[in-house]
Every structure is written in C-alpha cells, then in structure tokens.
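Everything on this sheet refers to the single structure shown next.
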Amino acid sequence: MTIGNSVKRFTGNFRSNFKFNEKVTGEIIGNGSIRDQKAPGSQNQQSDPVYGSYYRGYDINPFNYALSTSRLITPYDENGNLEYFIRDYAPFNIINEIKNNYANLSMIDFKVQGGVTYEFIKDLKYSINGAFRYTKSENELYLKEGSNYVQSFRAMQDATIVGSNDRLYEDPDFPNEMPVSVLPEGGFYNTSGDNMKFYYFRQDLEFNKEFNEDNSLNVFGSMELKTTDRQAKFFDGVGYQYENGGLVAPFYKYFKQAREQGKPYFGMGNRYDRWVGYSLRAAYSYKDRYRLNATGRYDGSNQMGKSRTARWLPTWNISGAWDIDQESFWRENHYVSAFSIRGTYGMVASMGNATNSAAVFYNQIARRREIVDQETLTYISSLENSELTWEKMKEFNLGFDLGLLSNKIDLTVDIYDRKNYDLLGSIQTSGIDGQFTKVANYADMTARGIEVTIAGNPIVNDNLRWRTRFTFSYNTNKIKRLDINPNIWRAVSNTGGAVENYSQRSLFSIQFDGLNPNYGFPTFIGTDGLNTSYIPLQSQTLDFLKYEGPVEPTLIGGFYNSFTYKNFSLSGLFKYSTGNKLRLRPTISDSYNDMFVMTKDMLDRWIQPGDEAFTSIPALLDPVSKTYIINSTGGQVNSSYPYNAYNYSTERVVNGHYLKLTNVSLGYSLPKEWIQSTKLANASLNFVGNNLWTIFADKRLRGQDPEFYASGGVALPTLRQFTLSLKVGF
C-alpha cells in the first residue's frame, strides 16, 4: 500500500416494483455511496511557455517523488531517524511531509428515482418518471506547522534567505523595511467544496399495435425536463494552530497582501442549468424482417445564454434493418446460419462550454495596488457572439450481424463515418473590440472507424462450457477546419495538440539534429530550416516540426475467455492497444540540484568530442561551457532553452502500444445439497485479480504503465489488486 493514500467507500442500493392493478404499475430505485479518501497534498500544474517546462508549487505524490528524487535524499538516517534536507529554505523529509501535508477528500452521492405506468387501452400506455440526485464533495487540505510548505513561509535564517524567499511579504507601504512572514504562527486549513442538486422529470406516451400479424407500429412521444443547481465554494484558513488545540491566530498582513494581489481568501458561486427536450419516434416492422425507425428531437438549454437562436436546436435520426436470412431466396446452411444488415444516419448535438451568445458581465474588485483605491467595477467577461450555436455531429453507421456454424459463432461488424462541426473553443481575435480571445464555433472534424466483435461457445455440454469473445476497434480522425493558429508549445505538448489536417490530439516533435561536436549540447532544425540550439516556442510556424502520430490509440480491443466446469468457473481478459505515441517524462535538464535524480539515460551522455557519433544524450555542461551555446545566427542562448526543447524532441518519443492481462477470476459455487439445511438459495466464493501483467510495452518506458503514462497528473498508477468475496442469496 502506498503511504499517504487510503480510500474508504460504502455503497448501497434498493429497487422495488409494484403492480397496483392490471393497468397501473410502478417502480422505485435508490442508490447511494459515501467515499472518504486521503491523499498527499499538491498544487495545480503550471506551464512555462517561454523556457518550455511544467512545474508545481509543491508535489509530494509518492510516485512522482520516487521517480524524480535523488537516491541520496534518504528518508531515514543510519540510526533509523527521519533525515531532513533543505528545500525552499526549510527542512524537508518526505515521510514527515506526508504526515503534515495531506488532503482529505469526501463525497456523498445519493439518487432516488421512480415511475408509474398507466395502460389506457391494450395498445396505449402513459408513463411518468422522476428522479432526484444530491451530491456533496469536499476537499480539506491540511498544511500543518511541521510541513515544509508552512515552514518555508517562516524561513528567515539569514539575509540571503530573506532576500531570496518569495514567500515573504514586502509591504509596499514601507518599502525600506525588511520582508516579513505573513504566517508567523500556525498553518493552513484550506477547504473547497461542490454541491449539486439534480431534478429530472419525464412523461411518455407510447402506442404499440400489430396489424394482420405481419405489420407492427410503435409510436413513442416524450417530454423531458432537467434542472441542475450547482454551488462551488472555497475557504483558505490561515493561522490555524494544529499543535495548540485548533486556535486561530491569523496575521493581518496576510489579508493585506491578499487584498493587494486581488486574491480573495474565500468565495462562493452558484450555477443553474436548465434543460428541456421533446422527442417523437416512430418504428415500423414488417414480418419482423424489415424494420424502419425515425426519431426527431427538439432540445433547449439556458447554457448558451439569452439568445433565442442559440438556445434551441432540432436533431434527428433514421435507421433501418433487414434480416436477409428470413428471405425465401436464402438457403439454410451450416456456415452462415443468420445474416442481417443495419443502417443509421442522423444528427446529434451537445452544448459545449460556451455561454456568450449574448454579452456576459461580471463584477470584480479593481486591480489597484493601494487598498484605498480599490473599488467594485463591472467588466466584460465575454463579448456577444450572435453566431454561437451547439456543437453538432452527423453520423452514418452500417452494421452486419452474422451467425456462423449453426449460430455457434456470432460476428458483429459496425462501420461508421462521423462529421463533427461547429466545435466550440477559444479563438484569437484582432482585439479591436477589446477582447483578445473569444469562445466561438471554431473547428470541424471527421472520424471514421470499424468495430468488430467475434463471440461464441466452442464447447457446451453438461459439465463443461467455454465462452469466448474477441473485439477490436479501429478509429481515425482528422481536423478539417481550425480557426486558430496553435503555437509550437501547444503542438509539442505530451497531451497532444490540435492542428488542422491532423488528428484531434496530435503529437508533434522538434526535430533533433544531433549534439554539438565540441560541447555536447543538443541542436535542432529551427523554424528557418537551419541547425540551431534555440526554438521560439511561441512561434506559430509548425512546418519544421515532425508529426509523430496521435496520442490516443487507433486500434484497441480485448480477448475474453470463460470456462465453467461443474461448480468451478475460470475467466480471463486480455486487453491490447496500439497506433499511438507517447512522450517520455521531461527528465533531461541543463543542471541538477541535490534534490533531483538523474535517470539511467545520463550514463550514456556525451562526455568528450566524438561521443556524438554514439549517443544522443546531451552533456552536463559547466558554467563556462554553457556560454558557448549559440543559435543559428551566432547569438548566445540560455542553456535552459536547448535542454528543455530536447525533452520535446524526436528523441523523446516512444510507442504507446501494449498487451495486458487485466483480469483473472476463479469461482466456486457451493453445491445445493451443502446449503439446503442453511436456508440459503445459493452461495459462491470468488477470487479475482486485476491489472496482473503487462505482457509487452515499449522498452523505453522501463516498466511504467503506458495507460497511466498517458494520463499522468498527481494520480497513482493502477495497482495490482486481489479480491476474495463470498456471495450468498436467500
């Protein structure tokens, strides 16, 4: 178990069905869960688009700490006591930090829904359904007096630290005074929370009639109403004395500094979502051989703003199916015993995150240094975009269902073509209207793919049953229109960038052009096509970058087998993925301090002239050698530029493919004669293992999970899990 991480969860559900009489039926369903989690403290990731790096104010995630920290920074000394090192001018020990810097995350989720159906006549039914959901989540961040983060606010040991510690406060009203600590006592108790209340109402009218045994007609009409009330809040508690019974002793200069920076120490906001939809569906079937469906919807939402043209949108769908094996010309045969074709074409839509079909205004405190000059003002958050509309997608799907070898094998194939258009996002403008960026419908995209499922029962008898299923899905997409010009920094991001005529999340790389033969620093092909050590990451010239591929896999699938022998059962699932690229962690740097580790790659680094013929790992340069780093025009370059650019070059890309054994389950059902005297209906014992074995992945990942590697963040990799469970029925 990883230190500093724990999860407790409780879930429950119930369901009841009622039949009041021959015409009226009803049901009620409820479920709820409570979750409490403890995790190490961290701050949000920030980007430095100038030098080309990502960083966090602090991050004590055990996984990230283990990967990036020097092995010389030991948690215990030779006597078994905690060993401390200096970080941010204050003592640091990972064990102590996890105990004094952690977050408690709690969530309550409760939902109840019910419905009543009334049958007017045999073929006409009316039903009414309603639901209520309540969720409450809270994040409590405990930053105690003993944590490195809190102690860094009080680090004032000498004049050098006082002049360098940016967590000390320089009072602008007294410019000649020394910086002071805004946290002379106690620590922080910071909370944030989200509450949600969701109401749902739907009424349906359904007509279902068969005519002359060969014809059937189903007409279904519905009206839905959804309301969601959300509340978000936060509070930064300063001066909380954990070691003194929870007394609160804040220092007034903390609030003075916060006011001068325009940083409120608490806040609360509400959001109200309203949605209504009407739909009508008609389905016709002839001899259960030919089926035709048509659906129309008309949806409205308040999320697009007050504009009536943006608030409502009609969507539609038509589909049909043909069971060819039911035709008279189809001869019964052992090889293809069943065959049907399906087809669907329609348009669906989503609201996205835009709200500026009309101008959006908010209040704020004026950003002025002197508190006496600050006042409330109204500012324009978003200018009106009268052409704003919903995101839309038109999809064509063609499917085939086959039964092979007397229906022992089922084969399903779906081919689809999707056209997404009017996609929402932020675009850059001329700024002539006072706003440099604006949310608009800025992109179109196409996607094509095929999904195949092969399943069957190769062995079925009284004692042994074997069920197998193989699936694969292939998908590609391309951005056809993009009304923005992404810069180099966005294009080389490890999460993928959006570039016109490439996939939605494309991975681009700066082209590595070898190591400098004299000093061993990395060089690249620049925006002008020349060898250089400097890449302007804010440039929108992307032609010189290399397209590596999508960061999302293009081919995914699985292979499942289940065996049942008498009272025993055994099942296993293999999962595979390929077609995507990943970028290695940005571990190469122009310098390393005592806290950070160098990876094994650095053992193969450039050391002397001539090594550039055998290695692509850059050298560790001394301060004098760094002065010889120049660009294509001969100008001196800060060493941070080429070394950070190296982390986003063609040398740091690997394949994202993998094959995994993700699940194995072994079960045993107790014989009925064993449990007859216990009044149990059934009982079974199961042993399950999850995330058991990564059979193969790119060797340069050095054992890291390629699925987790693509997600990253402050989360922990999925652990190997084993579960033993007993299930009984009465």
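Throughout, read-outs are computed from the coordinates displayed, never taken from laboratory work. Just so it is clear, the structure is predicted and the values come from calculations on it, not from any experiment. Here the Cβ is made from the backbone with ideal geometry for all residues, glycine too, and neighbour counts use every protein chain on show.
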Q) Can you list the aspartates and glutamates whose alpha carbon is less than 16 Å from that of residue 19, not counting same-chain residues fewer than 8 positions off? A) 27, 119
**Q.** Cross-link table 566/660; 8/136; 394/478; 419/480; 197/392; 23/111, entries beyond 18 Å C-alpha to C-alpha
**A.** 566/660; 197/392; 23/111
Q.
Around residue 691, under 12 Å between beta carbons, what's the net of Lys plus Arg minus Asp minus Glu among the other residues?
A. +1
Q | Relative contact order of segment 61-133, defined on C-alpha pairs under 8 angstrom at six or more residues apart (%) | A | 17
Q. Which option, [x] 96, 70, 65; [y] 113, 80, 43; [z] 155, 109, 37, is the value of Cα extents along the principal axes in Å that was calculated from these coordinates?
A. [x]
**Q.** Mean separation of Cα contacts under 8 Å (6+ apart) over length of segment 237-300, as relative contact order %
**A.** 21
**Q.** Label point 7 Å beyond Cα of residue 602 along Cβ direction - residues of segment 65-83 with amide nitrogen under 19 Å
**A.** 65-75
Q: For residue 513, enumerate residues with amide H under 5 Å from its amide H, sequence gap 5+ or separate chain, H modeled in the peptide plane.
A: 523, 524, 525
Q) Can you list the HN-Hα couplings for segment 190-203, worked out from phi with the Karplus curve (6.51, -1.76, 1.60; θ = phi - 60°), rounded to whole Hz and with x for Gly and Pro? A) 9, 10, 9, x, 9, 10, 9, 10, 10, 10, 9, 9, 8, 10
Q.
Placing one identical point scatterer on every Cα of segment 485-730 and ignoring solvent, what is log10 I(q)/I(0) from the Debye formula at q = 0.09, 0.11, 0.16 Å⁻¹?
A. -0.55, -0.71, -1.16
Q) Over the Cα atoms of segment 512-609, how large are the radius of gyration and the largest Cα-Cα distance (Dmax), in Å? A) 22.9, 73
(Q) Students often check this: by mean Cβ neighbours within 10 Å, which of 645-653, 339-347, 92-100 ranks highest, and how do the rest follow? (A) 645-653, 92-100, 339-347
Q | Relative contact order of segment 485-730, pairs being alpha-carbon contacts under 8 Å that are 6 or more residues apart, as % | A | 20
Q) Listing 222, 382 from the residue with the fewest other Cβ atoms within 10 Å to the one with the most, what is the order? A) 222, 382
Q: Please report 9, 71, 418 as a ranked list, fewest other C-beta atoms within 10 angstrom at the top and most at the bottom.
A: 71, 9, 418
Q. Which value in nm describes the separation of the simple spin-label points at residue 230 and residue 587, placed 7 Å from the Cα toward the beta carbon?
A. 3.8
Q | Between segment 589-629 and segment 352-376, the alpha-carbon center distance in angstrom | A | 48
Q. Given H placed 1.01 Å from N in the peptide plane, which residues other than close sequence neighbours of residue 549 have an amide H under 5 Å from its amide H?
A. 507
Q) Once amide H atoms are built 1.01 Å from N in the peptide plane, which residues 5 or more positions from residue 303, or in another chain, come under 5 Å H to H? A) 274
Q | Two-site label geometry, residue 363 and residue 174: point separation in nm, points 7 Å out along Cα→Cβ | A | 3.4
(Q) Helix-only estimate, please: 222 nm mean residue ellipticity of the chain, summing -39500 (n - 2.57) across DSSP H runs of length 4 or more and dividing by its residues, to the nearest 500. (A) -2000 deg cm²/dmol
Q: Sum up the charges of everything whose Cβ sits under 14 Å from the Cβ of residue 28, counting Lys and Arg as +1 and Asp and Glu as -1, but leave residue 28 out.
A: +2
Q: When you have a sec, figure out the Kirkwood radius of segment 96-235 from all distinct Cα pair distances and drop it here in Å to one decimal?
A: 21.2
